[in-house]
Every structure is written in structure tokens, then in C-alpha cells.
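Trainee: Encoded as C-alpha cells, here's the structure I'll be asking about.
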Amino acid sequence: GAGVSQSPRYKVAKRGQDVALRCDPISGHVSLFWYQQALGQGPEFLTYFQNEAQLDKSGLPSDRFFAERPEGSVSTLKIQRTQQEDSAVYLCASSFGTGSHYEQYFGPGTRLTVT
Amino acid sequence: AQSVSQHNHHVILSEAASLELGCNYSYGGTVNLFWYVQYPGQHLQLLLKYFSGDPLVKGIKGFEAEFIKSKFSFNLRKPSVQWSDTAEYFCAVNSPNSGYALNFGKGTSLLVTP
């Protein structure tokens, strides 16, 4: 079946622009995660949704970052007034259940470059 | 603070050599442990995971890992690597007591030469 999909795959933004990154999780997956991966680093947690509820947003680096999942399926990560330090790959992952041991399935990521 | 460390950032091996990638974590209490792999041009995918039971876990493509609680380690092993194992390998940890988010190490880049 289809995996996690993300769009766009690549995004170039000028400093100060707003961007919106989309994630389509695997159908029926309750949990959805966003991670940020800087060059040469492992992914770092941004936020977690259980259905439409955002249960953890402790990893969002500033109030310029906002995520939503209004109907419990597709999610959007929005970054306002982008800065150069926001350049990274943004990964979305989904899992079937709500326990911590469930496998997280990752999408291909969106590579954001802020110039 | 909770952390995950991978000892080797870059590893180069010849085909048929044995592989061991180190992973140590600093968490109190119960943990779930994962190894993810990212092949060139592909997305992260799960190699294996441990959350209870036999501490020796077998995963896909001949990989295995051993959870040693006393050493806070979860090293990844493969007896004989192939060129197709060239990839980036990430160790990740989470805990039932601290949410579902995965805490990743920085990754190890493995290059297998023919």
C-alpha cells in the first residue's frame, strides 16, 4: 500500500517568506509526527498528533512554527517569516497505534532551503 | 538529559567484513530501542526494534542488535556486509514515560566497498 507522502519534496524560500509543508500519513494511522533533520544530524522531534489533537509541541523551535491536523489525517507544518537556520529536511512519520513501541513510518521529507 | 550517542560517524568496510555499530543511551527506566536505515535517495525505514523480551533482536536483511541493559547499549551487528548495505544508520530511543517521540543519534554513514 501507499506509504507516507510529503509535498513539496523541495522548497526554496527567501528569508522572511512563509512556507507550508504537507504530510499525507498512511491511511488509518492515528499518530503523526514531525521531525527536523539538519545536515549531518539525526532527526529531531518537533511535534506529535494523536488524531486531530496536538498532544506534544515541545520540539517546535519558536512561535514561527505551527502545525495542524484538523481532520485527523493530512497535516501541515507552517513556518512563518523563514530564517536561514530553518534550512533543513522536514520529515513526517505516522504510526498505527498510540503506544511508544509502535513503528513510525517515515515519508521522504521536504528539503527546505532558505536563501 | 536524555541522549543517544552513536560512536562512529563514518565507517568504511570491504564486502564480507563484519559490522558492529555502537549505540549508547542515557535514559532512566523502561526504554524502546530502534535502528533505522536510510539508503541513498530513500526514506528512513525500520531495521529492527526492541521493547521487551529477548534482548537479542533480529531484523531485516540479516541485521541483529543486542540490548545490554547494564551498559545502556543497543549495538547493531551484521556478520557479513554487502555493497547494498551502504547507507546511513540511525539509532533511536523513546520511553513510555516520556512520550512517543523518537530521540535519534547523529547517525553512522556506512560505505561498503566491493
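The values are calculated or read from the model by the stated rules, or taken from the named source; none is laboratory data. Quick caveat, the model's predicted, so the values are computed rather than measured. Here the Cβ is made from the backbone with ideal geometry for all residues, glycine too, and neighbour counts use every protein chain on show. Heads up: the accessible areas ignore ligands, DNA and RNA and are worked out on the full protein's heavy atoms, side chains in. Shrake-Rupley method; radii C 1.70, N 1.55, O 1.52, S 1.80 Å.
Trainee: Pulled fully out, how much extra length does the chain show between B:ASP54 and B:LEU111, if you take 0.36 nm times their separation in residues and subtract their Cα-Cα distance? Spell out each step's value before the answer.
Mentor: Details: separation 57, 0.36 × 57 = 20.52 nm, distance 3.00 nm.
This chain segment gains 17.5 nm when fully extended.
Trainee: Just tell me how shielded B:93-102 is by partners: mean number of partner chain Cβ atoms within 10 Å of each residue's Cβ, no decimals.
Mentor: Mean inter-chain Cβ contacts per residue within 10 Å come to 6.
Trainee: Using C-alpha positions alone, give me the convex hull volume of region B:1-53 per residue in cubic angstrom. Mind showing how you got there, number by number?
Mentor: On the way: hull volume 6.8 nm³, N = 53.
Taking the convex hull of the Cα positions in region B:1-53, it is 129 Å³ per residue.
Trainee: Of the candidates A:SER94, A:SER58, A:SER27, which one comes out as most mobile in a Gaussian network treatment of chain A with C-alpha springs shorter than 10 Å?
Mentor: Of A:SER94, A:SER58, A:SER27, the most mobile in the Gaussian network model is A:SER58.
Trainee: Springs between alpha-carbon pairs under 10 angstrom, Gaussian network model over chain A: which of A:SER31, A:SER73, A:SER100 fluctuates most?
Mentor: Checking each option, the largest mean-square fluctuation is seen for A:SER100.
Trainee: Accessible area per residue for the protein assembly as shown in Å², computed with a 1.4 Å probe and the full protein assembly in place, what is it?
Mentor: Spelled out: the 1.4 Å probe surface of the protein assembly as shown, per residue, equals 48 Å².
Trainee: Summing Lys, Arg as +1 and Asp, Glu as -1, what charge do residues with Cβ under 12 Å from the Cβ of B:VAL37 carry, B:VAL37 excluded?
Mentor: Local net charge: 0.
Trainee: Find how many whole Å separate the alpha carbon centroid of region B:23-64 from the alpha carbon centroid of region A:50-67.
Mentor: If we compute the Cα centre of each part, the gap is 26 Å.
Trainee: Let me ask you something else. In peptide B:41-48, what is the residue-averaged number of other protein chain Cβ atoms found within 10 Å of each Cβ?
Mentor: Mean partner shielding for this stretch: 4.
Trainee: Okay, next question. Checking an interface number: how much accessible area is buried between B and A, summed over both chains, with a 1.4 Å probe, in Å² rounded to 100?
Mentor: 1600
Trainee: Heavy atoms only, probe 1.4 Å: what % of the accessible area of region A:1-69 goes to carbon and sulfur, would you let me know?
Mentor: 46
Trainee: Which semi-axes, in whole Å and largest first, does the equivalent ellipsoid of region B:62-114 have when worked out from the alpha carbon gyration tensor as the square roots of 5 times its eigenvalues?
Mentor: Over the Cα atoms of region B:62-114, the semi-axes work out to 26, 14, 8 Å.
Trainee: Using only the alpha-carbon atoms of the protein assembly as shown as identical scatterers, what base-10 log of I(q)/I(0) does the Debye formula give at q = 0.08, 0.16 Å⁻¹?
Mentor: With no solvent term, the Cα-only Debye profile gives -0.29, -1.13.
Trainee: Still on this structure, please answer the following. Report, largest value first, the span of the C-alpha coordinates of chain A along each principal axis, in whole Å.
Mentor: Principal extents (Cα only, largest first): 38, 26, 24 Å.
Trainee: Too long at a 32 Å Cα-Cα cut-off: which of A:LYS11/B:LYS78; A:LYS57/B:LYS69; B:LYS58/B:LYS106; A:LYS14/B:LYS61; A:LYS11/B:LYS58?
Mentor: Violating the 32 Å limit, Cα to Cα: A:LYS11/B:LYS78; A:LYS14/B:LYS61; A:LYS11/B:LYS58.
Trainee: Between A:SER58 and B:THR30, how high is the FRET efficiency from 1/(1 + (r/R0)^6) when r is the Cβ-Cβ distance and R₀ = 22 Å? Nearest 0.05.
Mentor: On the way: r = 20 Å, r/R0 = 0.92.
Working from the Cβ atoms, E equals 0.65.
Trainee: Region A:66-103: which residues show an accessible-area loss of 50 Å² or more, assembly versus chain alone, 1.4 Å probe?
Mentor: A:SER100, A:HIS101, A:GLU103
Trainee: Find how much the distance from B:SER98 to B:ALA17 grows on full extension, using 0.36 nm per residue of separation minus their present alpha carbon separation; answer in nm with one decimal.
Mentor: 25.4 nm
Trainee: Follow-up question, since we're still on this one. What ³J(HN,Hα) values, in whole Hz, does the Karplus curve 6.51 cos²θ - 1.76 cosθ + 1.60 give for region A:94-109 when θ = phi - 60°, with x put for Gly and Pro?
Mentor: 10, 9, 5, x, 10, x, 6, 8, 5, 5, 9, 9, 9, x, x, x
Trainee: Right, next: Within 10 Å of each Cβ of A:35-45, how many other protein chain Cβ atoms are there on average?
Mentor: 5
Trainee: Starting from 0.36 nm per residue, how many nanometres of slack lie between A:ALA20 and A:GLU103 once their C-alpha separation is accounted for?
Mentor: 27.3 nm
Trainee: Sorting check: for A:101-107, B:74-80, which peptide has the highest mean count of neighbouring beta carbons within 10 Å, and how do the rest follow?
Mentor: A:101-107, B:74-80
Trainee: While we're on this one: Based solely on C-alpha atoms, express the radius of gyration and the Dmax of chain B in angstrom.
Mentor: Over chain B's Cα set, Rg and Dmax evaluate to 13.6, 44 Å.
Trainee: Could you tell me the relative contact order of chain A? Use alpha-carbon pairs under 8 Å, at least six residues apart, and round to a whole percent.
Mentor: Relative contact order, chain A: 37 percent.
Trainee: So how far apart, in nm, are the two label points at B:ILE68 and A:GLN80 if each is 7 Å from Cα heading toward Cβ?
Mentor: Result for the modelled spin labels: 5.0 nm.
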